[in-house]
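Novice: Dropping the structure in here first, questions after.
The values are calculated or read from the model by the stated rules, or taken from the named source; none is laboratory data. Source: prediction; values computed, not measured. Don't worry about glycine lacking a Cβ; one is built from the backbone with ideal geometry, like all the others, and counts go over all protein chains shown. Surface areas here come from the heavy atoms of the whole protein model, side chains and all, with no ligands, DNA or RNA. Shrake-Rupley method; radii C 1.70, N 1.55, O 1.52, S 1.80 Å.
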Amino acid sequence: MTGRLLSIGECMVELMQAEGDLLRKGYAGDTFNTAYYARLFLPQDWSVDYLTAVGTDTVSGEMLAFIEKTGVGTSHIRRVEGRTPGLYMIHLKDGERSFSYWRSVSAAKTLADDADHLRAAIEASDILVFSGITLAILAPTAVETLLSELRRAKAEGKLVVFDPNIRPRLWDDKQYMLETISAGARASSLVMPSFDDEAAHFGDTDIAATIARYRGLGVDNIVVKDGPNGVTLSFGSNEPQFVPAAKVTKIVDTTSAGDSFNGAFLARYGVDGNPVAAAQFAARIAAGVIGHHGALVSKDKLQAAF
Ligand code: ADP
């Protein structure tokens, strides 16, 4: 089976400490990272595209060139005059990472402003991917534009995939955050939350509570990720199934563990519809990613995982 995957969200410029005061430039963001890993592992006759908005400035052009080099398509990315991409800096102190963000007026905030463009891109795709971060950066009217298109895609039987990725600092109001995350889930046919986040913000006492809550919102398929404790799958009318995490010999950098899991999972599940095999594969890839620096690990470094 062949298909078209579209991931929707914000890719940012990343500045990371190199030597002394020198900084190295990269590009990353949860939904882009997921697209990157889906592209690595989907067959070549599948297309993987990213939908966001960037500016018309130099760094926006560089970001598009970078995305294209990874094999992820950019034809659905709008260029908006007068805006630039969001930016974040990673500070490393005694092995601990902390982040500063400049994203409050990023171009990506306008990704749903052209409803016709958004609809055409979604109509041209079979698997749609978005996250709680995608929703957090949008104004309420733009959230509604995006979710109404995704609800239509779900109703047509497309696979609409949502990672709640709850980041409270991106939201002004906790109640609005919880309501909007829940609305995102309602528009989806597969939700892939991290249990830690769900427990912290929705007060879920165990994984069964997370599954029950998303089921209650009309989500048919759920993958609850729980770091080194593995994942629990609840698919259709099947009993929940547990898939353990893979062994990591040395944890180097946990950035994008969840995103790489999502991308690798979709690359397998999208092709054969077998969630257990997809989760086993994704656990091996996420473990490989954790064993290397950076959000986007190259395929040759992950060879041992597949
Ligand atoms: P997120 O990064 O979104 O918070 P998790 O921490 O749950 O997501 O991790 C996503 C996946 O990465 C897990 O389901 C698991 O497969 C893998 N993973 C994360 N931490 C570890 C670890 N310490 N050892 C092995 N696998 C891990």
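Novice: Looking at the structure I just gave you, is Arg152 surrounded by 15 or more Cβ atoms within 10 Å (Cβ to Cβ), more than 22 Å from Ser237 (Cα to Cα) and more than 18 Å from the chain's Cα centre (by Cα)? It would help to see each step written out before you state the result.
Specialist: Working: surrounded by 15 or more Cβ atoms within 10 Å (Cβ to Cβ): yes; more than 22 Å from Ser237 (Cα to Cα): yes; more than 18 Å from the chain's Cα centre (by Cα): yes.
Here the answer is yes, as Arg152 does meet what is asked.
Novice: Evaluate the range 196-217: report whether one residue or more is part of a loop (DSSP other than H, G, I, E, B), touching a Ser or Thr at 6+ places or on another chain (Cβ under 8 Å), free of Cβ contacts under 8 Å to residues at least 40 places away in the same chain and more than 9 Å from the ligand (Cβ to nearest atom). Give the derivation first.
Specialist: Filtering the range 196-217 for residues part of a loop (DSSP other than H, G, I, E, B) gives 203-206, 217.
Those still in the list that are touching a Ser or Thr at 6+ places or on another chain (Cβ under 8 Å) too: 204, 217.
Now drop any that are not free of Cβ contacts under 8 Å to residues at least 40 places away in the same chain, which leaves 204, 217.
Okay, now just the ones that are also more than 9 Å from the ligand (Cβ to nearest atom), so 204, 217.
Yes, the range 196-217 has at least one match.
Novice: Which residues, counting only those in the range 246-299, are near the ligand (Cβ under 8 Å from one of its atoms), within 23 Å of Ile8 (Cα to Cα) and surrounded by fewer than 21 Cβ atoms within 10 Å (Cβ to Cβ)?
Specialist: Thr254
Novice: Only residues that are assigned to a helix (DSSP H, G or I) and either touching a helix residue (DSSP H, G or I) at 6+ places or on another chain (Cβ under 8 Å) or acidic (Asp, Glu) (or both): list them for the range 141-163, please. Talk me through it step by step, then tell me what you get.
Specialist: So in the range 141-163, the residues assigned to a helix (DSSP H, G or I) come out as 141-155.
The answer is Ala142, Val143, Glu144, Thr145, Leu146, Leu147, Glu149, Leu150, Arg151, Arg152, Ala153.
Novice: Please list, ordered by residue number, the strands (runs of 3 or more DSSP E) wholly in the range 30-118 having 2 or more residues that are under 16 Å from the mean Cα position of the chain (by Cα).
Specialist: On the way: elements: 47-51, 87-93, 96-102.
Those strands (runs of 3 or more DSSP E) span 47-51.
Novice: Mind checking which residues of the range 222-245 are hydroxyl-bearing (Ser, Thr, Tyr) and either open to solvent by less than 40 Å² (accessible area, probe 1.4 Å) or within 11 Å of the ligand (Cβ to nearest atom) (or both)? Break it down stepwise before answering.
Specialist: Step one: filter the range 222-245 for residues hydroxyl-bearing (Ser, Thr, Tyr), giving 232, 234, 237.
Result: Thr232, Ser234.
Novice: Of the residues that make up the range 94-102, is at least one touching a Phe, Trp or Tyr at 6+ places or on another chain (Cβ under 6 Å) and at pLDDT 95 or above? Steps first, answer last, please.
Specialist: If we filter the range 94-102 for residues that are touching a Phe, Trp or Tyr at 6+ places or on another chain (Cβ under 6 Å), which is where we start, we get 99, 101.
Among the residues that remain, those that are also at pLDDT 95 or above are: none.
There is no residue in the range 94-102 that is touching a Phe, Trp or Tyr at 6+ places or on another chain (Cβ under 6 Å) and at pLDDT 95 or above.
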